[in-house]
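Nothing in this text is a laboratory measurement; each read-out follows from the coordinates by a stated rule. Remember, predicted model here, so these are calculated numbers, not experimental data. Note that we place each Cβ from the backbone using ideal geometry, even for glycine, and neighbour counts take in every protein chain shown.
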Amino acid sequence: MSELFEATNINGMIIKNRFVRSATWEGMAKDDGTCTRRLIDLMSQLAKGGVGLIITGHAYVQKKGKAGPWQLGIYEDRLIPGLREMTDAVHDNDGTIILQLAHAGMYANTGIPGDTALAPSAISGYRKSPVQEMTLQDIEGLVKDFGLAAKRAKMAGFDGVQIHAAHGYLLSQFLSPAYNIRKDKYGGSLENRAAVLIEVLKSIRKRVGESYPVLIKMNTQDFLEGGLELDESIKAAAMMEKAGIDAIELSGGTIASGKEGPVRTGIVSGKNEAYFKDAASAFKEKIDLPIMLVGGIRSFSLAQQLVNNNVADYISMSRPFIREPDLIKRWKAGDHNQAACLSDSKCFIPAMKGKGIYCVVEKRLREKEL
């Protein structure tokens, strides 16, 4: 049996294989962030499909951190029961699931008329409407709310949490010199820009303990002029390692990065798969933590190569599981054909219309067969 199907352990969390469902906005929550039966069924389907670790779509820790409609929330205790149903369903199907904790920052879209998005700095050029620079009190509240959200996740039965510090969302904005031009203790040097991430981790640990898995998702680089570069990203990861993070998922790009954003199209062959693999190799040289790699991985052979060559410890995928939630079961059974995903990102179109995320191509094929 391939090394890809061996069980591993991250701070006591047993993962039955090296495949990870990377956090994916599903567009299936209620308007207030409450978990729904559709989300529960989706997570249950992923567990049945054999994926080793499921990471939920980004769940907002504050109302002002909501990125958009039908997004999962974790900002109040009343949301716990629905999330408990989700974790129970996954565990009943021999799955492992962690909750991604997020705040959209500058890119927040709360749906509240006149609401001003919070950001590390009040800069222009990244969104049409103005943004508000966070005060020290805002930052203190943010750090506390990440901790409380993690406590809720643990109460809801999640096997761990992941801090979303990638893709140009708020914690990523703090790290990035393109977004963060503060002159106080949270701006300037890399140590200052990373301070909020360290404080968030400490706040989470205070509420969930040292034996609860806490992961982070980070950009390898922003692919923005004046943005976070690879060398600083590795140094920031080393700071998180020292502070006690358990594993790192590597991605890259932001909403403003154009063709070099985190979600890329036209992945049709091995040559343009795994677009952050070189960066992952650089991380592995400096960071002694489990590394999860996301970004255009579609082939079983490449996944095996990445793990065997110590480029990554885990293989994260998102869009392939939208079309084939049972992809890992297929690969384990010996059918190693490439994932059927066309990487056209049409799956997000129905989600943006309130219909939830699904593979448009797969649905059309099924309808033709009927």
Legend entry - Calculated P(r) of the range 268-367 - Cα pairs past 18 Å, %: 52 percent
Legend entry - Amide H partners (placed H, <5 Å) of SER316, local residues excluded: VAL20, LEU293, VAL294
Inset, instruction - Would you please give the residues with an amide H less than 5 Å from that of ILE10, counting only those at least 5 places away or on a separate chain, with H modeled from the backbone geometry? - result: ILE15
Legend entry - Proximal charge balance of ILE349 [Cβ under 12 Å; K/R count +1, D/E count -1]: +3
Inset, instruction - First obtain the Kirkwood hydrodynamic radius of the range 82-125 from its Cα pairs, then insert it into the Stokes-Einstein equation at 37 °C and 0.692 mPa s, and state the resulting D in µm² per second as a whole number. - result: 240 µm²/s
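What FRET efficiency do you get for LYS329 and LYS202 if R0 is 35 Å and r is their Cβ-Cβ distance, rounded to the nearest 0.05?
Calculated transfer efficiency: 0.35.
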Inset, instruction - Run through all the Cα pairs of the range 39-174 and give the fraction in each 10 Å bin from 0, expressed as whole percent. - result: 13, 41, 30, 14, 3
Legend entry - Euclidean distance between Cα centres, the range 111-166 to the range 168-214, Å: 11 Å
Legend entry - Candidates LYS183, LYS64, LYS329, ranked by Gaussian network fluctuation over the chain, Cα under 10 Å, top entry: LYS183
Legend entry - Residue-by-residue Karplus 3J(HN,Hα) for the range 166-174, coefficients 6.51, -1.76, 1.60, Hz, glycine and proline x: 10, 6, x, 7, 4, 5, 5, 5, 4
Inset, instruction - Mean Kyte-Doolittle of at least -0.5 plus a Cα span of 24 Å or more along the axis: flag which DSSP H helices in the chain meet both, please. - result: 136-155
Inset, instruction - Could you tell me what fraction of 2.2 N^0.38 Å the Cα radius of gyration of the chain comes to, as a two-decimal ratio? - result: 0.92
Legend entry - Where only alpha carbons of the range 116-188 are counted, the Rg and the Dmax (Å): 14.0, 41
Inset, instruction - May I ask you to evaluate 6.51 cos²θ - 1.76 cosθ + 1.60, the Karplus curve with θ = phi - 60°, for each residue of the range 185-194 and list the ³J(HN,Hα) values in order in whole Hz, giving x for glycine and proline? - result: 5, 10, x, x, 5, 4, 4, 5, 5, 8
Inset, instruction - Let me have the 222 nm mean residue ellipticity of the chain computed from DSSP H runs of 4+ only, each contributing -39500 (n - 2.57), with the sum over all residues rounded to the nearest 500. - result: -10000 deg cm²/dmol
